[in-house]
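Just below is one structure, and these are the notes that go with it.
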Amino acid sequence: MKPAKLTTVTLEQSADVARLRDVAMTLTTVLNFGAFERTRTVTAVVELGRNAIEHGQKGRATFSLTEVNGKSALGLLVTDQGRGIPEESLAPDGPPTSSTGMGLGLRGVQRIATRFDVDTGHEGTRIDATFLPAAGLPASPQLVDQAEGALTELRAKDPTAALSEKNRELTEGIADRDLLMQELHHRTGNNLALIVALIRMSKSQAEQDETQQVLTELEVRVGSLAKAHELMQRGTDAGQVDLAEMLDEVAKNSERAFSGGALTANIEVSCATLQLDSKFAIDIGLIIGELITNAFKYAFVGRDRGLIRVEVTGDPTRGIALLVSDNGVGLPPDAERPERSNSLGWRMIRTLTFQHDANLTVDGADGLRVHIKFPPRS
């Protein structure tokens, strides 16, 4: 019979030791431990749990049903995040390894357990122990069902403790997920930053104006994505981005990308602190980056100075409005409507706007004004 995981008890506070004791008592009863064996085994389990709390700061005890020589046995895996157990504490004649409780210590637990393995280091400690009763029951799937049924009854007797345990498991799962997402954003952001550096290097070596123009636009696009991942990695919620901080960086990145020519254009950003879903914030950043790029390319023909304004108003519950405007030449009456342009930039703007069911309008009478209204988000 393969080892079957039964339940896990989180070890953070003294109340968890009581929960650990109840689980150990329940399972040793199911496995037909004798009275003296049950007392010794439960004492050993409690000792391991208390040590994990006192010395490991935080731990976890996982019970399983396993077998030794065809007989059912209780498996216990205790892990913690402490600094490890000193070598002398594991030696047969070393100092005591328990400061409170019954003074059983790790060596006492080792004498009780049928199998006792310790893996310890600066990253934490992992203790894998097996307890076999003298008159062990034959290993069988039915015994697993009995153990799970007994644990269900135990939870029913103390639903508050069971709910608390589930809530902590959920909290740990969310924390692990957020940590994983932050690491993902960190790695992705670093890779994108490297790509931006390579683009800038290639742009500085490009001889054709058209090549430099294409690389500049690419620098703005990739730079916006890199900043978004940086903000997601730094934020407390990996799924949220501060739109104001992101747009400030988009503006700075655009000014940097288009600097060095005859044109000097300033970008003013007006956006209150606004936490948005990362996908939504990235799409807004890409839209504004494309509109800023278009302004640099077409708004200030024949001029050496210009001004671009980015304004964001509203919030997700009421709807968000974007306005990107410039004091450039505007649109001649017979000019092709930019929102119908087949350029890559305007195709991106139209696609992202459509995905969010937003309304886009363009006014070219006095400079160019692009207004995008996003509907409220549930």
| query | Out of the stretch 310-358, which residues are over 18 Å from ASP248 (Cα atoms) and hydrophobic (A, V, I, L, M, F, W, C)? | reply | VAL329, LEU331, ALA335, LEU344, TRP346, MET348, ILE349, LEU352, PHE354, ALA358
| message | Quick check on my filter: what residues within the stretch 306-342 are of a type outside the set (S, T, N, Q) and more than 16 Å from VAL370 (Cα to Cα)? | response | GLY306, GLY314, ASP315, PRO316, ARG318, GLY319, PRO333, ASP334
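Scan the stretch 252-271 for residues that are under 27 Å from the mean Cα position of the chain (by Cα) and modelled with pLDDT of 90 or more and jot them down. Spell out the reasoning first.
Within the stretch 252-271, the first condition is being under 27 Å from the mean Cα position of the chain (by Cα), and the residues that meet it are 253, 271.
Within the stretch 252-271, just CYS271 meets the criteria.
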| request: Give the residues of the stretch 109-141 that are over 22 Å from ASP22 (Cα atoms), open to solvent by 20 Å² or more (accessible area, probe 1.4 Å) and of a type in the set (S, T, N, Q), sorted by residue number. | output: THR120, SER140
| field | Single condition LEU65 does not satisfy, out of (1) touching a Gly at 6+ places or on another chain (Cβ under 6 Å); (2) among the aliphatic types (A, V, I, L, M); (3) within 23 Å of ALA139 (Cβ to Cβ) | value | (1)
| field | Filter pass, ASP334 being more than 24 Å from VAL214 (Cβ to Cβ) and at pLDDT below 85 | value | yes
| said: Tally up the residues in the stretch 31-41 that are assigned to a helix (DSSP H, G or I) and surrounded by 21 or more Cβ atoms within 10 Å (Cβ to Cβ), please. | reply: 1
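The values are calculated or read from the model by the stated rules, or taken from the named source; none is laboratory data. In this text the structure is predicted, and so the values were computed from the model without any measurement. Don't worry about glycine lacking a Cβ; one is built from the backbone with ideal geometry, like all the others, and counts go over all protein chains shown. Keep in mind that these areas ignore ligands, DNA and RNA; they rest on the heavy atoms of the full protein, side chains included. Shrake-Rupley method; radii C 1.70, N 1.55, O 1.52, S 1.80 Å.
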